Amino acid sequence: MYKEKRVLAIIPARGGSKGIPKKNIIDLLGKPLLYYSIKSAKESKYIDKVILSTDDIEIAEVGKSLGAEVPFLRPENISGDKAKSIDAFIHAIREMEKIEGKYDYVLLLQNTSPLRQGWHIDEALEKMIESDERSLVSVSEVIEHPCIMRTLDENGKISNLMNMNGDTRRQDFAPIYIVNGAIYIQKNDSELNLNTNLNGGKLAYIMAREYSVDIDEYLDLDIATHYLKEMKEDKI
């Protein structure tokens, strides 16, 4: 709770991942991937409850063993490859309201962001609740700036992605940020519904790139392992 506001964290982790089989519980430095998101949520000073939204019994059992609550299983119709994050998010919010009433703020913490820390969550919550905004997303500065990106037409002709002088030095590029998928916060009001665009949050919480690894392929696991080892050595 922060300033008398009840806070719920939802970690989505459906079964059936195709890119990395059983991705949500794959081993990452001796722990299931799910461990890291649950750990960061449990370390938060402000989150009142951490629940796991999954359709998979095995994932549910792993989540429970790591300290998350699994008060229900996600229905099949919002669990397939074509299901949207907002579907699972709203379903979980509404189910929790039936069980124990309304939460004032709700976080979506994607399980594929294992380097997110509890203090990131608390800083983001403080920024969100102190503001007049209804939504927040975490972002990180891009590595490859769109000023040097190009598009190709059907004849192979190059066009600039951005209308900017090609002689501009890299160090003079204006910072550009990407939604890194680690933290989404929504005010739980009447405007939060299935049409909500989670990536369209108006308030930004900036995270360093080394905390912003998103697990999508096996190479990402290697990168995350590298940074986790550094964190254990207190280098970052």
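The values are calculated or read from the model by the stated rules, or taken from the named source; none is laboratory data. Here the structure is a predicted model, which is why all the values come from computation and not from measurement. Ideal geometry is used to build each Cβ from the backbone, glycine not excepted, and the neighbour counts take in all protein chains shown.
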Taking interchain pairs and intrachain pairs at least six residues apart, which have beta carbon atoms under 8 angstrom, with the first residue in the stretch 1-16 and more than 13 Å from A41 (Cα to Cα) and touching a residue at least 12 places away in the same chain (Cβ under 8 Å) and the second crowded, with 23+ Cβ neighbours inside 10 Å and of a type in the set (K, R)?
R14/R74
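Which count do you get for residues in the stretch 1-34 that are acidic (D, E) and in contact with a strand residue (DSSP E or B) (Cβ under 6 Å, 6 or more places away or on another chain)?
Here is the first cut: in the stretch 1-34, the residues acidic (D, E) are 4, 27.
From the residues that got through so far, the ones that are in contact with a strand residue (DSSP E or B) (Cβ under 6 Å, 6 or more places away or on another chain) too are none.
Residues in the stretch 1-34 being acidic (D, E) and in contact with a strand residue (DSSP E or B) (Cβ under 6 Å, 6 or more places away or on another chain): 0 in total.
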Only residues that are under 17 Å from D216 (Cα atoms) and without any contact (Cβ under 8 Å) to a residue 12 or more places away in the chain: list them for the stretch 23-48, please.
D27
Residue in the stretch 129-143 that is farthest from V7 (Cα to Cα), counting only those that are without any contact (Cβ under 8 Å) to a residue 60 or more places away in the chain and more than 19 Å from the chain's Cα centre (by Cα):
D132
Tally of residues being closer than 22 Å to E130 by Cα, among the aliphatic types (A, V, I, L, M) and surrounded by fewer than 20 Cβ atoms within 10 Å (Cβ to Cβ) across the stretch 1-59:
1
Taking the condition surrounded by 15 or more Cβ atoms within 10 Å (Cβ to Cβ) and either modelled with pLDDT under 85 or closer than 29 Å to R6 by Cα (or both), does T151 pass?
no
Of the conditions (1) in contact (Cβ under 8 Å) with a residue 24 or more places away in the chain; (2) over 22 Å from P71 (Cβ atoms); (3) touching a helix residue (DSSP H, G or I) at 6+ places or on another chain (Cβ under 8 Å), I51 fails just one. Which one is it?
(2)
Which of the residues that make up the stretch 105-134 are surrounded by 14 or more Cβ atoms within 10 Å (Cβ to Cβ) and either in a loop (DSSP other than H, G, I, E, B) or among the aromatic types (F, W, Y) (or both)?
Y105, L109, Q110, N111, T112, S113, P114, L115, R116, Q117, E133, R134
Of these, G101, G63, which one is within 19 Å of the chain's Cα centre (by Cα) and not acidic (D, E)?
G63
Return the residue satisfying two criteria in turn: it lies in the stretch 189-220 and is within 16 Å of the chain's Cα centre (by Cα) and assigned to a helix (DSSP H, G or I), and of such residues it is nearest to G30 (Cα to Cα).
D220
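Quick one: which residue in I183, I143 is of a type in the set (A, V, I, L, M, F, W, C) and either at pLDDT below 75 or assigned to a strand (DSSP E or B) (or both)? Outline the logic, then answer.
Values: I143 fails: either at pLDDT below 75 or assigned to a strand (DSSP E or B) (or both).
Going through I183, I143 in turn, the sole match is I183.
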Of the residues K82, K64, which is loosely packed, with under 14 Cβ neighbours inside 10 Å and under 27 Å from M231 (Cβ atoms)?
K64
Pairs please, first residue from the stretch 187-199 and farther than 15 Å from M128 by Cβ, second anywhere and among the acidic types (D, E) and modelled with pLDDT of 90 or more, Cβ atoms under 8 Å, 6+ apart in sequence or on different chains.
L194/D87
Please enumerate the residues belonging to the stretch 197-207 that are modelled with pLDDT under 95 and not basic (K, R).
N197, L198, N199, G200, G201
Has the stretch 160-179 got at least one residue that is among the small types (G, A, S) and either closer than 24 Å to A224 by Cα or touching an Asp or Glu at 6+ places or on another chain (Cβ under 8 Å) (or both)?
no
